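The values are calculated or read from the model by the stated rules, or taken from the named source; none is laboratory data. Source: prediction; values computed, not measured. Here the Cβ positions follow ideal geometry from the backbone for every residue, glycine too, while neighbour counts run over all protein chains shown. Calculation scope for accessible area: heavy atoms of the full protein, side chains included, ligands and nucleic acids excluded. Shrake-Rupley method; radii C 1.70, N 1.55, O 1.52, S 1.80 Å.
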Amino acid sequence: MEKVFGKKSRMFSLLIVLLLLFVTTTEGFAITAESEEEKACEKQAQIIENMTSKNLVNDDVYETKNAFIADGYSSEIIIPKDGDDVIELNDGEGETLEFRLPEEAKGTKGLLSESGMMVYNCEKDVSVAVQPLTEQVGDEQIDSVRALITISKETAPHEYDFEFDLQDGEKLVTAKEYLGADYDTGEAYVVDSDNQIVSVIDPAWAKDANGNSISTHYDVRGNSLIQIVNFDENTAFPVVADPTAWQITKCAGAIGWVVGSTVFAAAKIAKIKKYIKALGGVKKSASKLIGIIKKAKAIAKKHNTSTVKVLRRAKYSKELWEGVGKTLMNFGAAVLGIDAVVDQCSF
């Protein structure tokens, strides 16, 4: 009996050891798997950082149960942990821009990189990342959200679908549709029921591993913005592609109002569209206009007169437009006679 009992004890002890080894090993596998995913996410984040400006990233971020939230200058940006949920840009006054990430982020949980970037699907051929941004444009602060696609292989899809949750009466359009083919800035817009721009998506861009530009553009299909990236077997991978969305600012909104209005003559609107394209789009046009009005204020103070007089009277023209390119001067001449533009672009 003692021998049998001893044998059973030894077998029981061996079973415990094996069980402990199994538990320890599987836990080790789980830890390794987690760390490998984190490493992959950090690698993807580093690739993106090498191709984008770090200065714009908003690092004022806090964590909730289901999301990371960035406090911007005038907006709150909600980046979900679940790749199926919506990205939100909320101005706190009832205006919200919402969109969903491409299929490649669906069914995945995002991991936050050390640089504050949420990365989804890190270990696959296509990963998706999201960054909150705050940018100084003239004297305005613009909050925006940047979605970045990292493409690692030539067999990856060429199209990436960002579905927008639009409010009643809103629609998504390309600049080609809104401004006309001759004035296409490469941007896309969300416009309201009055055909006024309420949100802007900056022109699409994509770069290969060597920093060379890759041909890319937007297509709109219903409520979806499709970014099409034209890589091939000769492309240096990985490729990073990016749409950046932002809610309209006062100055850009005023410019959009002029372009979308029926108040002004068609010939005048055509000229304004031409200048907007030459200046690089709605946001850049607004930025440059704010700078001119700021300069006009300084001249007005110097001559003890009003800013409007400096902007509209010939006697100050040389001083105001000195060192400024002809396109900006023509754009200013076309819009600075409009009170709403001067009011909304003055700070």
Students often get this wrong: which residues of segment 193-235 have the backbone nitrogen under 20 Å from the point 7 angstrom along Cα-to-C-beta of Lys124?
224-231
Additional length obtainable on full extension of the chain from Ala236 to Asp60, 0.36 nm per residue less Cα span:
59.9 nm
Can you compute the FRET efficiency between Glu103 and Asp71 using 1/(1 + (r/R0)^6), with r the Cβ-Cβ distance and R0 = 30 Å? Round to the nearest 0.05.
0.50
Can you tell me the accessible area per residue over the chain, all protein chains present, probe 1.4 angstrom, in square angstrom?
51 Å²
For Asp192, Asp242, Asp232, the accessible-area ranking with a 1.4 Å probe, largest leading, is Asp232, Asp192, Asp242
Inter-site label distance for Ser261 and Thr327 at 7 Å from Cα along Cβ, in nm:
2.4 nm
Simple spin-label model, 7 Å along Cα-to-Cβ: Ser53 to Ser115 in nm?
1.5 nm
Using 1/(1 + (r/R0)^6) with R0 = 45 angstrom and r between the beta carbons of Ser215 and Glu319, what's the FRET efficiency to the nearest 0.05?
0.55
What's the carbon and sulfur percent of the chain's accessible surface, probe 1.4 angstrom, rounded to a whole number?
51 percent
Net charge (Lys, Arg +1; Asp, Glu -1) of residues whose beta-carbon lies under 11 Å from that of Leu112, Leu112 excluded, is -2
In nm, what is the difference between 0.36 nm times the number of residues separating Gln46 and Ala298 and their Cα-Cα distance?
86.4 nm
Long-range amide H contacts for Gly110: which residues qualify at under 5 Å (H placed 1.01 Å from N, peptide plane, sequence gap of 5 or more or a different chain)?
Asp82, Gly83
Please give me the summed charge of the neighbours of Phe164: other residues whose Cβ is under 10 Å from its Cβ, Lys and Arg +1, Asp and Glu -1.
-2
